[in-house]
Amino acid sequence: MAPNNSHSTPLLGERDIEENNSNVVQTNFFKPSKKSICILISLILAATLLVSFIYFSNNGGNTPIADQNNDDTPLCASLEKTTMVANKIVPPGVSEGVSAKSNAPLLMGVPSCIWTNKMLGWQRTSFHFQAPKNWINGPVLYKGYYHLFYQYNPKGAIWGNIVWGHAISKDLINWQHLPIAMDADQWYDINGVWTGSATILPDGQLVMLYTGSTNQSVQVQNLAFPADPNDPFLTNWVKYSGNPVLVPPPGIDDMDFRDPTTAWVTSEGKWRITIGSKINRTGLALVYDTLDFKNYELKSDVLHAVPGTGMWECVDFYPVSENHQNGLDTSENGPGVKHVMKVSLDDTRFDKYAIGTYNDANGTWIPDDYTIDVGIGLRYDYGIFYASKTFYDQEKQRRILWGWVKETDSEVADIFKGWASLMDIPRTIVLDRETGSNLVQWPVEEVEQLRKDEKVFKDVLVKPGSVVLLDISSATQLDIEAEFEIDNETLSRVEASDAPYSCSASGGAVLRGALGPFGLSVLSSKDHSEQTPVYFYITKATDGTFSTHFCSDQSRSSLANDVTKDIYGSTVPVLKGEKRTMRILVDHSIIESFAQRGRTCITSRVYPTKAIYEDAALFLFNNATNANIKASLKIWQMSSAQLHF
């Protein structure tokens, strides 16, 4: 199918909105009287009480402010009729050492007055997992059902009051929400039921280890069992009467001991787990052996440690095969098996991993390449993606990765919406057998059941500095597969340079080079004032080698001023004979992008004000100065998943 429109002017030129600077000269000074000071203090106190009333009413589960307004009424304008906006909202629990995993308020917490209920309503996704409302963050397959246990605040759209939400699915896409699995109702978890992991025993029984924050904010590990092991829904849970089963060992701070992994079997027949921690600035993973999940032996060696990386959260440790594409059970070891170690870095909120060799005898692991050790080198995802966890799907013999995706707007806007954060589309994860040095991630095949209304664009020529509007019915819920070709003659004649390039420091898709950027502009307004380009940028070094960068540019994704507009990305290996390929899942305010079958992945959150509903469009673009690009695409509209609350 041929595209319906093209332009010769570059899609991504200089910014078309100028910022005006005003010089304000203060000429009058006065000495305030006692009366004026009293009046001022009274007004501040009154405003504070009103803000607190509205905030805590909403935090307690009442109707979000956004739902109380007409679609096109600016929400902060509506709020200003009754009160002032708070300068800052501090997430509950942070002062107690809680790892909030939430976005800090932007612009002193004041939302942009551009927002309307219609805009905020558009942001809720249609085929990604979200809690019915409020704030979210150990998946497992049990008796035919996928279970997702997630950190959830039932009382508000910000961090705090953390319990375990629970949902089940037969296909990882359509979900049924169940009652809260575990409440913060014991002294050892009264300040939060935090991250945990499920382990399925050889007889089919299931045990759950999780971190609790005690009444004194000490992080401890606790044990729980299904109340009825025959219940496939795992509706009710029983906490072990001897909890906590583990407390911080000597030398470990009370607030640096969390997130136990799924257990695996050692050569001695014991169960082994690892728990994230740190000593000073050295991130590390402690190792414990157990026979019954109630009594534990701390190993003398740590699994691994890396100086300068800070606290390790949500440690994950699992085997991958060097010889085939199936996933492996967590206890698998031996010839042809590598082990992946992943940590969530509390300081940077990045999930980083490395591939290496596990020594069962002493419970240690070493990376294949120390220059890309854990916390230093590779990331699962170069965008918004954190606190991830894998599990082994024993029925389909695959390992599946879940990641938590935060909001990048303000917390005040989240309160307006009444919800915050979501999970990515679950991904299969395997060792890249072509390179042997990285993992590849790909959306689970079940998401393809939502595809409909396929459109094919074959060999579309995109000349330097041009843009092509793609004729599709809607651009809000899409699954896009695209491949791009540059002829070898163009590559050979391009002048080489050793000048460095990085997505985040490049200035985004407006920076034009001989061989890029080129790709797709998603969630774009027709006038391009809002757009999110996902693109390749190729560089040629003086030794004749080429590097391909895969980037996602949020710098012009929204006209709002209270959202993060970063540029994400990294290099992606492109082997000899391979075309440059990308897959993009667009689901309202989340964009998941995969290059070269998932060697490099980027998850973005975007909050457009114009490029929504029928006003969103999809463009091909080529902002290179010296290369024609030939693109072929398959684009599917995506149906909404079923989410039963």
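The values are calculated or read from the model by the stated rules, or taken from the named source; none is laboratory data. This is a predicted model, so every value here is computed, not measured. Cβ sites come from the backbone with ideal geometry, for glycine too, and all protein chains shown count toward neighbours. In case anyone asks, the SASA skips ligands and DNA or RNA and just uses the protein heavy atoms, side chains included. Shrake-Rupley method; radii C 1.70, N 1.55, O 1.52, S 1.80 Å.
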Seminar exercise, completed: Karplus-derived 3J(HN,Hα) from phi for the range 531-540 (6.51 cos²θ - 1.76 cosθ + 1.60, θ = phi - 60°), whole Hz, x at Gly and Pro, runs 6, 10, x, 10, 8, 9, 9, 9, 10, 10
Exercise. Residues of the range 290-326 with amide nitrogen under 17 Å from the 7 Å Cα-to-Cβ point of Asn280?
Worked result: 305-312
Exercise. Which order, highest average first, do 599-611, 463-475 follow once you tally other Cβ atoms within 10 Å for each residue and take the mean per peptide?
Worked result: 599-611, 463-475
Problem set entry | Cleavage-rule hits, trypsin sites (Lys or Arg not before Pro), the range 200-276, DSSP coil, Cβ neighbours within 10 Å at most 13 | none
Problem set entry | Nearest-0.05 FRET efficiency for Asn323 and Tyr613, computed from C-beta distance (R0 60 Å) | 0.80
Exercise. Normalised by the number of residues in the range 508-645, what is the relative contact order in percent for Cα pairs under 8 Å and 6+ residues apart?
Worked result: 29
Problem set entry | Solvent exposure of the range 556-596 as accessible area per residue, Å², 1.4 Å probe | 31
Exercise. If the range 507-601 were replaced by its equivalent ellipsoid, with semi-axes equal to the square roots of 5 times the Cα gyration tensor eigenvalues, what would those be, largest first, whole Å?
Worked result: 25, 15, 11
Seminar exercise, completed: For the table Lys417/Lys526; Lys396/Lys565; Lys155/Lys299; Lys155/Lys239, the rows whose alpha-carbon distance is greater than 30 Å are Lys396/Lys565; Lys155/Lys299
Problem set entry | Separation between Cα centres of the range 204-226 and the range 247-295, rounded to whole Å | 13
Exercise. Considering the range 293-365, what Rg and Dmax in Å follow from its alpha-carbon atoms?
Worked result: 13.7, 37
For this session: Determine how many Å³ per residue the convex hull of the Cα atoms of the range 400-500 encloses.
Result: 256
For this session: Under a cut-off of 12 Å between alpha-carbon atoms, report the aspartates and glutamates in cross-link reach of Lys118, not counting same-chain residues fewer than 8 places apart.
Result: Asp67, Asp71, Asp72
Seminar exercise, completed: Counting only residues 5 or more apart in sequence or on a different chain, those whose built amide H sits under 5 Å from that of Leu523 are Ala617
Problem set entry | Neighbour cut-off at most 15 other Cβ (10 Å), DSSP loop, chymotrypsin sites (Phe, Trp or Tyr not before Pro), the range 274-377 | none
Problem set entry | Net length gained if the chain between Tyr240 and Asn561 were fully extended (0.36 nm per residue, minus Cα distance) | 110.7 nm
Exercise. Under the Kirkwood approximation applied to all pairs of distinct alpha-carbon atoms, what is the hydrodynamic radius of the range 455-504 in Å?
Worked result: 14.8
Exercise. Given the C-alpha centroids of the range 539-606 and the range 483-508, what is the distance between them in whole angstrom?
Worked result: 14
Exercise. If you keep only loop residues by DSSP, which GluC sites (Glu not before Pro) in the range 434-539 have at most 13 other Cβ atoms within 10 Å of their Cβ?
Worked result: Glu495
Exercise. How much of the accessible area of the range 591-639, probe 1.4 Å, is carbon plus sulfur, in whole percent?
Worked result: 41
Problem set entry | Extension gain (nm, one decimal) between Ser547 and Arg597, 0.36 nm per residue minus Cα-Cα | 16.3 nm
Exercise. How would you order 220-227, 173-180 from highest to lowest mean count of nearby Cβ atoms within 10 Å?
Worked result: 220-227, 173-180
Problem set entry | Peptides ranked, highest mean first, by Cβ atoms within 10 Å: ranges 498-510, 586-598 | 586-598, 498-510
